[in-house]
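Structure, as structure tokens:
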Amino acid sequence: MPYGLLALALGGFGIGLTEFGIMGLLPEIAADFHVSEPVAGYLISGYALSVAVGGIGLTAAVTRFDRKKVLLSLMVLFIAGNLISAIAPTYSLLMVGRIVAALCHGAFFGVGAVVAADMVAPNKRAGAIALMFTGLTAANVLGVPLGTLLGQQLGWRSTFWAITIIGVVALAGIQLLVPPTPASTATGLRGELRVFRRPQVWLSAGVTVLGFGGMFGAFTYIAFTLTEVSGFASTMVPWLLVVFGVGLFVGNFAGGRAADRALNPALVVTLALLTVVLVVFALTAHSKVMTVVSLLLMGVVGFATVPGLQLRIMGYAKEAPTMASGANIAAFNVGNALGAWLGGLAIGAGLGFTSPLWVGAAVTAAGLLLLLAGSVRPRRLVGAGATLGSGVPAH
């Protein structure tokens, strides 16, 4: 295993902490800046919107540069954003810090996925992408409890100082361990954008929006499901979310291995299983035991889709994968927003706190149908022996 993958994973861990670590600190931030908690919550939604913008816009701006240098520059941007957040004297400046840090999120995972895949043999690419995303899954497991604990003990700014230090260590690791990676052989941004003429690239992004959006829509309101339907005390919610996070961690690796063996079949199976798990969860949410089991399985099967979804779009854009990879990261965030919006509509319509699970199952099933429709005439993805930046055209 190339040690450079560990450096990329550490960068992903820091970025994940930036995204999730603030969630448990909103009351302290709201009190410090004398704003309401909903206004403090804009620090999360503002971050998410910036991720989507950066995933496409910033990635487009860096396609012509050496990918290692791009990753280093993105980590500098990440460090700067968290440093601004740590010292921000006003709410507005804290929002600026969040936006600056978020801009690197989509581009880092988009470019990093290409670099990770090119660091290993062709039959291990999905596994390499999964390893890079391990940092993000670890942040899901540890980000909220550790960020909250540190912030409550030493003040909310200490969490951002800790993340800044992680960014510096990741920057050093990338500099020392990641080999130089030439930019795409396509002719600048125009060459990268040509891949969006291919229906399979758009189809892959659509499957990402629906497949991952279904899970996230269910997860967004999971605290209400756990307390209002399953009957857990609110103090149990963080520990139950750790169970979900463990599922993400396991699913990430399992999905990577499955996608390396057979990409499209692995995606079909995982999306089908996710649909079933969400339906079972909705039907058995009144049982505490089944809720814990379903929560774990939702994490495992839901995140098992991620390496395969990322590899699929890169495979259909392999002579210019950077822009497509960044666009797919943006698609994940669009899916997050779509799933959360639809789940909120269902609750607002009076359908109860299991309704986001049913909505999630329906959205995921739509993603599965879209994938099946696009797989009727299978197309060869990344050819054996070709790197994702090699310029070998997809068929």
### Message
Scan the range 137-151 and tell me whether some residue there is at pLDDT 80 or above and assigned to a helix (DSSP H, G or I).
### Response
yes
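Evaluate the following for A331: is it more than 22 Å from A285 (Cβ to Cβ) and modelled with pLDDT of 75 or more?
yes
Tell me, which residue of the range 51-78 that is surrounded by fewer than 22 Cβ atoms within 10 Å (Cβ to Cβ) and under 20 Å from L10 (Cβ atoms) is farthest from the chain's Cα centre (by Cα)?
Initially, the range 51-78 is screened for residues surrounded by fewer than 22 Cβ atoms within 10 Å (Cβ to Cβ), giving 52-53, 56-57, 60-61, 64-66, 68-69, 72-73, 76-77.
Pick out the ones that are also under 20 Å from L10 (Cβ atoms) and you get 68-69, 72-73, 76-77.
Numbers: K68: 21, K69: 22, L72: 20, S73: 20, V76: 20, L77: 19 Å.
Here the answer is K69.
What tally of residues in the range 7-34 results from selecting those that are in a loop (DSSP other than H, G, I, E, B) and in contact with a Lys or Arg (Cβ under 9 Å, 6 or more places away or on another chain)?
Residues of the range 7-34 that are in a loop (DSSP other than H, G, I, E, B), as a first pass: 21-22, 34.
Still in the list and also in contact with a Lys or Arg (Cβ under 9 Å, 6 or more places away or on another chain): 22.
Adding up the residues that qualify gives 1.
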### Query
Of all residues in the range 35-50 being in a helix (DSSP H, G or I) and among the aliphatic types (A, V, I, L, M), which is nearest to the chain's Cα centre (by Cα)?
A48
### Message
I'd like to know if the range 301-324 contains one or more residues that are touching a helix residue (DSSP H, G or I) at 6+ places or on another chain (Cβ under 7 Å) and farther than 30 Å from G57 by Cβ.
### Response
yes
### Summary
Of the residues in the range 236-286, those that are in contact (Cβ under 8 Å) with a residue 12 or more places away in the chain and charged (D, E, K, R) come to R257, D260
### Task
State whether one or more residues within the range 115-125 are farther than 25 Å from F249 by Cα and more than 17 Å from the chain's Cα centre (by Cα).
no
### Message
Given (1) within 30 Å of A60 (Cβ to Cβ); (2) in contact with a Phe, Trp or Tyr (Cβ under 8 Å, 6 or more places away or on another chain); (3) surrounded by 16 or more Cβ atoms within 10 Å (Cβ to Cβ), identify the lone condition not met by F196.
### Response
(3)
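Within the group F133, F108, F78, which residue is part of a helix (DSSP H, G or I), aromatic (F, W, Y) and modelled with pLDDT of 90 or more? I'd like the intermediate steps shown before the answer.
Details: F133 fails: modelled with pLDDT of 90 or more; F108 fails: modelled with pLDDT of 90 or more.
Exactly one of F133, F108, F78 is part of a helix (DSSP H, G or I), aromatic (F, W, Y) and modelled with pLDDT of 90 or more, namely F78.
The values are calculated or read from the model by the stated rules, or taken from the named source; none is laboratory data. What you see is a predicted model, and the numbers here were worked out from it, not measured in a lab. Don't worry about glycine lacking a Cβ; one is built from the backbone with ideal geometry, like all the others, and counts go over all protein chains shown.
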